[in-house]
Amino acid sequence: MDNKEVLKYCPRCSAHAVLADSRKIVCAGCGFQIYLNTAAAVAALLFDGDSRLMAVRRNHEPRSGMLDLPGGFVDFGETAEEALSRELREELGITVCGIEYYRSIPNKYQYGGVLYHTLDIFLKCRFDDGVDNNIRPNDEISEVVYKRPGDISEDEIAFDSMKKLIKSLKIN
Ligand SMILES: [Zn+2]
């Protein structure tokens, strides 16, 4: 579905005929403008000692049942590193260290009928050996799996950005 068909009322005056280009919604009635900016998201590249990548099976829509990397949206005022630490703590109950930028890939994310554009920031990290790191997944995750990138099939990956990432890991 096109965002124009979903976002068709002004959030300020409720007038019809809100005109939208790809990022900007402009109300024809009151002139109010609102932007759908690219959202920053983070995802963890966490390898075990056997060169296997940690992946999680999604338990919620969108793409429930498919493989994803642990992570999520960056909150207001957070750095990418802080967002990754928080998401891993919330989703898996783990503490990581040695967080390093790896690469970023744009992505699209359909939720509640709205198409969001994200910039997925992939960060390498490792388990912090100084703390209890038993994995305790929350209800967003049905399963934690470890796989070598070469053993992950594109069909089981939830999002295009992770497909591109896995492809690049297979080459390198
Ligand atoms: Zn308006």
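The values are calculated or read from the model by the stated rules, or taken from the named source; none is laboratory data. Only a predicted model underlies this, so the values are computations on that prediction, with no experimental measurement involved. Don't worry about glycine lacking a Cβ; one is built from the backbone with ideal geometry, like all the others, and counts go over all protein chains shown. To get the accessible areas, we keep the full protein, side chains included, count just its heavy atoms, and leave off ligands, DNA and RNA. Shrake-Rupley method; radii C 1.70, N 1.55, O 1.52, S 1.80 Å.
For LEU45, nonlocal amide neighbours, meaning residues 5 or more places apart or on other chains whose placed amide H falls under 5 Å from its own, are LEU123, LYS124, CYS125. Straight-line cross-link reach from LYS170 at under 17 Å between alpha-carbon atoms covers these lysines, not counting any fewer than eight positions away in the same chain: LYS124, LYS147.
For LYS147 and ALA39, the FRET efficiency from 1/(1 + (r/R0)^6), where r spans their Cβ atoms and R0 equals 25 Å, is about 0.35. Sparse packing (at most 11 other Cβ atoms within 10 Å of the Cβ) combined with a DSSP loop state is found for none of the trypsin sites (Lys or Arg not before Pro) in the range 112-172.
Spin-label model, CYS30 to LEU115: label points 7 Å out along the Cα-to-beta-carbon direction sit 2.8 nm apart.
The simple spin-label model puts a point 7 Å past each Cα toward its Cβ; for ALA17 and ARG103 those points are separated by 4.7 nm. If one computes the Cα centroid of the range 43-76 and of the range 92-127, what distance in Å separates the two points? Each part's Cα centre sits 8 Å from the other's. Taking every protein chain into account, the accessible area of the chain amounts to 57 square angstrom per residue (probe 1.4 Å). By a straight-distance test (C-alpha under 19 Å), which lysines pair with LYS24 as possible cross-link partners, with residues fewer than eight away in the same chain excluded? Once the sequence-local lysines are set aside, what remains near LYS24 is LYS4, LYS8, LYS108.
Counting only protein heavy atoms and a probe of 1.4 Å, the accessible surface of the chain is 49% carbon and sulfur. Using heavy atoms of the protein chains and a probe of 1.4 Å, the accessible area assigned to GLU5 is about 110 Å². Let me know the shape class of the range 39-171, please: from the alpha-carbon gyration tensor, a ≥ b ≥ c as square roots of the eigenvalues, rounded when a/c is under 1.5, otherwise prolate if a/b is greater than b/c, or oblate. Rounded is the answer for the range 39-171, as its axis ratio a/c remains below 1.5. For the range 1-33, the list of trypsin sites (Lys or Arg not before Pro) that fall in a loop by DSSP and count at most 15 other C-beta atoms within 10 angstrom reads LYS8, ARG12, ARG23.
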